[in-house]
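Below: the structure, in structure tokens.
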Amino acid sequence: MTDTAPAIELRGISKAFGPVQANKDISLAVQPGTIHGIIGENGAGKSTLMSILYGFYKADAGEVFIRGKKTEIPDSQAAIAAGIGMVFQHFKLVPNFTVLENVILGVEEGGLLKPSLAKARRALTDLAREYELNVDPDAVVETLSVGHQQRVEILKALYRQADILILDEPTGVLTPAEADHLFRILAGLKREGKTIVLITHKLREIMEITDTVSVMRQGEMTATVPTSETSPEHLAELMVGRKVLLRVDKTPARPAQTVLEIEKLRVTDQHGVERLKGIDLAVRAGEIVGIAGVAGNGQSELLEVLGGTREATGRVRINGEEMALTGRHADGRTRRGQGIAHVPEDRQRAGLVMPFAAWENAVFGYHRDPAYNRGVLMDNEAIRRDADNKIDRFDIRPANCRLSARSFSGGNQQKIVLAREIDRNPDLLLVGQPTRGVDIGAIEFIHQEIVRLRDAGKAILLVSVELDEIFSLADRIVVMFDGRVMGERDPAQTDERELGLLMAGIEGEPDKPEWQAIDEQWERVEAEEEAARHG
Amino acid sequence: MDRMPAWADAVLVPLISLLLAAILSALVILAIGESPVEAFRLMVEGALMRSAGWGYTLYYATNFIFTGLAVAVAFHARLFNIGGEGQAMLGALGVALVCLYIPWPHWSLALLAASASAALFGALWALIPAYLQATRGSHIVITTIMFNFIAAALLNYLLVNVMKPAGMMEPATATFPQAVHLPTFQDMFSTAATPLFRGSPANVTFFVALLACLFVWALIWRTRLGYEIRAQGHSETAARYAGIRPVRIVVIAMLISGALAGLMGINSTMGEAERLILNSTEGAGFIGIAVALMGRNHPLGVLLAAILFGFLYQGGAELALWTNIPRELIVVIQALVILFTGALDNMVRMPLERAFLAARRRRTRRAEPAE
């Protein structure tokens, strides 16, 4: 034990939202100058706890001590005054302001901006030198890469004299290399005596960088252990409350005939930026092709084109039949008729109609099927029977098809979508981020269902930003970067490092530091996009 | 089910809003030196205690049902149709053309034809804003408002220059032939011994309005089209994903909405005035927005809200007749009701939600005492 007081100490924190107890009597001590990980499934109460610490919510009960002093934090101003800085999962930046302007926003001194900007510029130069936090102070935020934007968030917190930094799922949008760079920054901050709280659901990150880890499950703090004394399996077990299979059991794929053939597929978005720059890809029956890549490199557009919500040029054949890429027949209805089922990346906005009941969602997209209709009227009884079957088979909880989609947890929402799409016995299943925001217990189930469909001889195209997921599901890995296919790898003969470089658009320049190569790559891409926008 | 029970949402929120509007109205009446109790008694007596009062209340209600349903249907597709006024005016024009220029043997045939014509004219008037919204992204609120003005100007022109019989001083058409006279409640329910609804304008159109409620309910919650409309209304991204064409849904929903607004024309023009006059809609198109808001876009809610607004209209007329409360103040009272039930909905809802949450928490705490 150190004799200094903990940087943060929580005693008996409780918080309820209606009938949901988000935090139950939570106590936690974070030692100064350490990196403390908080891990737990979605909905375990991690974010609620941090929001209480940052003054967004008021705890129903409990006390907060900062550096041994009891502190009331009614709002974020008080949190900043107490030296707490927060980097949110979704950045709170003004996109059309420069980095400097964003940094001083809210802490301008006096009526004129110039002195504040000059002061911030000096401070930023110092910070950049100290912590590898280099960002161009005059760059407009929206032109920066996600990794850089995150650095701006960290700079904002440091500029406000934060010595306790909370990061909420910071690596969700980063490439592995960018994440490594972030971790180097965090390590540097720790050396300077700052305290860091890292909220994540990724076991790897916890193992890699934290000193101590606390596990949350269903609103309770189930354990706090030194990271060196634990293992990923043990943490997963603590998170879920039972033993979890972290890898899927699957036999080698036996690919058969080609189901999907894509040639020179190009997509230009509404701003005139080319999102897909000539994709060639084939998926055969009985195999899972996993598309790896950092979010925003064209994977979403690829799924949208194949699912029928985006127009494109090029050629796509499904079971040898030409697919319409523009016009009336480039829609979800036609695609479904061609045997394509689609589990979209964003289930809350696309895959489900959130206010609709589960039974209404269970036929969404297939609602024109004669089995669900009697003349112009829908056969609601038949649809509800059908939904009950799906709930049964996919173990969807609560098992009540009359509840609205939003009353289900992320995992169960995903099961509703998956049940609907798999149930149609498609020739090709498109799956985007199948386990995003899904708890570990449900991940296991969802992965098994996808493999089961593959074993039934179906073609599966999987898009995921989680490399772990790609590794455990895919029979072939295709890496996309900047609207192009960077390469294809056999999962048995590659590793995260190699994929990470491909994901950053680099085909091997081992002498250059990774982050530097990535920065250069980004600059090139940005310049291209800029040119496309103006050209 | 998330925050408070459905009954509280559907009944308690509008009731409390109404109560607040009533209290504020009472203060206004007090301020000009009249008795709010007396005023309220007059309104109830004039609108609800006599059958003739009901005849007026239900007449107004009929108008508001049509325009309220029009707003509700569009709203299920997340379209704010402010153009009910113009669509109803065009509907009335459709009615007048059918009644004036075709000789009808019986009112029932005329009613069928006039309904079809009113719906068609209303729908066509909604078509252009709908098409512009669907394919060009022109905001439907703006275009429908503008179309209200165009409709008013068009009717003004037609009545003054084209349809007015020679020698008449008023911008109105000739009176419709006797054969197309719609049976009023007086015609239908009075006997020689017990005269009912004497002189009041409520007519058989009220039953058409009830049918329209039933139609809208079935459309929205029982048909495939309604399912697609609601899906599109909740999330266009989801609708596209499901292969629902947004352009088609926007156009169809607005056509149905316009047709419903247009149907109001049979009540005001064929049922009451029996000729086409300027401003036959009297703002009912706008009241429809408040009615749909208060009725939660559900046909039953729209029906009840329409009757409430019918009562306010008729009660207000009685007040103007029997007290010194000026006509303008009655408009103020009506506006207060619209303000509280429509615009300030969340002002009541949020505290109520919190109260329900607190109550539930107390209950659960009592149910499972601390261990």
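The values are calculated or read from the model by the stated rules, or taken from the named source; none is laboratory data. Keep in mind that this is a model prediction, so the values were computed, not measured. Positions of Cβ are backbone-derived with ideal geometry, glycine not excepted, and every protein chain shown enters the neighbour counts. Side chains included, ligands, DNA and RNA excluded: accessible areas come from the protein's heavy atoms. Shrake-Rupley method; radii C 1.70, N 1.55, O 1.52, S 1.80 Å.
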- Among the residues of region B:244-273, the number that are surrounded by fewer than 22 Cβ atoms within 10 Å (Cβ to Cβ) and within 14 Å of another protein chain (Cβ to nearest Cβ) is 5
- Query: How many of the residues in region A:208-223 are under 21 Å from residue A:187 (Cα atoms) and out of contact with any Phe, Trp or Tyr (no Cβ under 7 Å at 6 or more places or on another chain)?
  - Reply: 5
- Restricting the search to region A:95-107, which residues are in contact with an Asp or Glu (Cβ under 7 Å, 6 or more places away or on another chain) and under 22 Å from residue A:182 (Cα atoms)? A:95, A:98, A:99, A:100
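Which of the following residues is open to solvent by 40 Å² or more (accessible area, probe 1.4 Å), at pLDDT below 95 and within 13 Å of another protein chain (Cβ to nearest Cβ): A:347, A:374?
A:374
Just give me the residues in region A:292-315 being closer than 21 Å to residue A:257 by Cβ and open to solvent by less than 10 Å² (accessible area, probe 1.4 Å), in sequence order.
Step one: list which residues in region A:292-315 are closer than 21 Å to residue A:257 by Cβ, which gives A:306, A:315.
Result: A:306, single match.
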- Task: Consider residue A:420 carefully, then state whether it is basic (Lys, Arg) and surrounded by 23 or more Cβ atoms within 10 Å (Cβ to Cβ).
- Result: yes
- Note on the structure: Note: among B:223, B:191, just one is out of contact with any Cys (no Cβ under 7 Å at 6 or more places or on another chain) and either open to solvent by 70 Å² or more (accessible area, probe 1.4 Å) or of a type in the set (Gly, Ala, Ser) (or both), namely B:191
- For residue B:205, state whether it is open to solvent by less than 20 Å² (accessible area, probe 1.4 Å), within 29 Å of residue B:50 (Cα to Cα) and modelled with pLDDT of 95 or more. yes
- Query: Going by the conditions given, is residue B:229 within 14 Å of chain A (Cβ to nearest Cβ) and either open to solvent by 10 Å² or more (accessible area, probe 1.4 Å) or part of a loop (DSSP other than H, G, I, E, B) (or both)?
  - Reply: no
- Counting residues that are more than 14 Å from chain B (Cβ to nearest Cβ), open to solvent by less than 60 Å² (accessible area, probe 1.4 Å) and touching a helix residue (DSSP H, G or I) at 6+ places or on another chain (Cβ under 7 Å), which strands (runs of 3 or more DSSP E) fully inside region A:18-74 reach at least 2? A:20-30, A:35-40
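Going residue by residue through region B:213-221, is there one that turns out to be β-branched (Val, Ile, Thr) and outside any helix (DSSP H, G or I)?
No; the residues of region B:213-221 include none that is β-branched (Val, Ile, Thr) and outside any helix (DSSP H, G or I).
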- Task: List every residue pair whose Cβ atoms sit under 8 Å apart, with the two residues 6 or more apart in sequence or on different chains, where the first one lies in region B:205-226 and is away from chain A (no Cβ under 14 Å) and the second, anywhere, is open to solvent by 60 Å² or more (accessible area, probe 1.4 Å).
- Result: B:213/B:300
- Message: Considering only region A:75-94, I want to know if a residue exists there that is open to solvent by 70 Å² or more (accessible area, probe 1.4 Å), in the same structural domain as residue A:8 (by TED's automatic domain parsing) and assigned to a strand (DSSP E or B).
- Response: no
- For residues in region A:377-414 being among the basic types (Lys, Arg) and surrounded by 15 or more Cβ atoms within 10 Å (Cβ to Cβ), which is nearest to the other protein chains (Cβ to nearest Cβ)? A:384
- Would you check if there is a residue in region A:10-22 being within 17 Å of residue A:167 (Cβ to Cβ) and touching a strand residue (DSSP E or B) at 6+ places or on another chain (Cβ under 9 Å)? no
- Message: Could you check region B:160-185 and list, in sequence order, the residues that are surrounded by fewer than 14 Cβ atoms within 10 Å (Cβ to Cβ) and not in a loop (DSSP other than H, G, I, E, B)?
- Response: B:160, B:161, B:162, B:178, B:179
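A quick yes/no check of all residues on (1) touching a helix residue (DSSP H, G or I) at 6+ places or on another chain (Cβ under 6 Å); (2) in contact (Cβ under 8 Å) with a residue 60 or more places away in the chain; (3) outside any loop (DSSP other than H, G, I, E, B):
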site	(1), (2), (3)
B:33	no, no, no
B:72	yes, yes, yes
B:82	yes, yes, no
B:99	yes, yes, yes
B:119	yes, yes, yes
- Based on what the data block shows, is residue A:279 out of contact with any Phe, Trp or Tyr (no Cβ under 7 Å at 6 or more places or on another chain), in contact (Cβ under 8 Å) with a residue 40 or more places away in the chain, open to solvent by less than 40 Å² (accessible area, probe 1.4 Å) and farther than 21 Å from residue A:472 by Cβ? yes
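Residues checked against (1) small (Gly, Ala, Ser); (2) in a helix (DSSP H, G or I); (3) open to solvent by 60 Å² or more (accessible area, probe 1.4 Å):
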| residue | (1), (2), (3) |
| --- | --- |
| B:301 | yes, yes, no |
| B:309 | no, yes, no |
| B:314 | no, yes, no |
| B:319 | no, yes, no |
| B:347 | no, yes, yes |
| B:358 | yes, yes, no |
- Task: Kindly indicate whether any position in region B:80-91 is under 15 Å from residue B:174 (Cβ atoms) and surrounded by fewer than 24 Cβ atoms within 10 Å (Cβ to Cβ).
- Result: no
- Counting only residues that are in a loop (DSSP other than H, G, I, E, B) and on the phi > 0 side of the Ramachandran plot, which one in region A:299-338 is farthest from the other protein chains (Cβ to nearest Cβ)? A:320
- Query: Residues in region B:37-46: is at least one modelled with pLDDT under 95 and within 24 Å of residue B:268 (Cβ to Cβ)?
  - Reply: yes
- Being over 30 Å from residue A:316 (Cα atoms) and touching a His at 6+ places or on another chain (Cβ under 7 Å) narrows A:355, A:398 down to just A:355
